[in-house]
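What follows draws every value from the coordinates through simple rules; no lab data is involved. Please read these numbers as outputs of a predicted model, since none were measured by experiment. With ideal geometry, Cβ positions are generated from the backbone for all residues, glycine too; neighbour counts draw on all protein chains shown.
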Amino acid sequence: MRAVFPDFRLGNVLATSFTGTLSERHGDAVERIPVPHRLVDWLTVSGLAVESCTPAQLDLARELRESIHAAATAAAIQDALPASAVQVINDCSTQGRAAAILTPEGKRRWRLSSASCVEDALSVIAADAISIIAGERDGKLALCASPTCRAAFFDTSQSRTRKWCDMNTCGNRQKKARFNANHRKNPRSAE
Ligand SMILES: [Zn+2]
């Protein structure tokens, strides 16, 4: 029998999809990569397929994830970047060997040095985090307005006024909460 694990929340930005594997950091936290094979699953759907993952590699991945979260949060509120987080991101970036490959269809694919090299995949994620924190890409780091979430996300909307890390989860929940509050205040308004 296989246990059921929480689904992934996948966005368009690799680094913040990765930090999203832990959600509700300020509420009832949901760990979406609780076991090594779930990290394998996440890497596979994120274009960084590896065949296996050890518990130590999962620990390293989570350390990178929380470091990206800390650095991206600091960048979003224009605070100084925490030195320890910067160190972990840089270590992960330099310790992997991944190569960008151009497919005949004109798409980019990542080629890792071996099928078991989680470190290679982490280096691609670290480099992605560096590019958004360094402000190299069109968009702005922001924090989710949900008080139990506060996830850092990369806002690429025209007006740069996106409030939620994810419209389908945090955004929707807030909409429902507002509806319920209005309904309580003025029960007849929704009839
Ligand atoms: Zn959120």
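What the table shows:
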| item | result |
| --- | --- |
| As computed over the stretch 1-84, the Cα convex hull volume per residue (Å³) | 110 Å³ |
| Mean Kyte hydropathy of 0.0 or more with a Cα span along the axis of at least 24 Å, helices from DSSP in the chain | 55-76 |
| Tensor-based shape of the stretch 14-190 (alpha-carbon gyration tensor, a/c under 1.5 rounded, otherwise prolate or oblate) | prolate |
| Under 23 Å, Cα to Cα: Lys pairs in the stretch 14-190, sequence gap 8 or more or different chains | 5 |
| Cysteines in the chain lacking a second Cys C-beta under 4.7 Å | 53, 92, 117, 170 |
| Distance cut-off 12 Å, percentage of C-alpha pairs in the stretch 82-130 lying past it | 62 percent |
| Loop-located GluC sites (Glu not before Pro) in the stretch 89-178, at most 16 other Cβ atoms within 10 Å (DSSP) | 105, 136 |
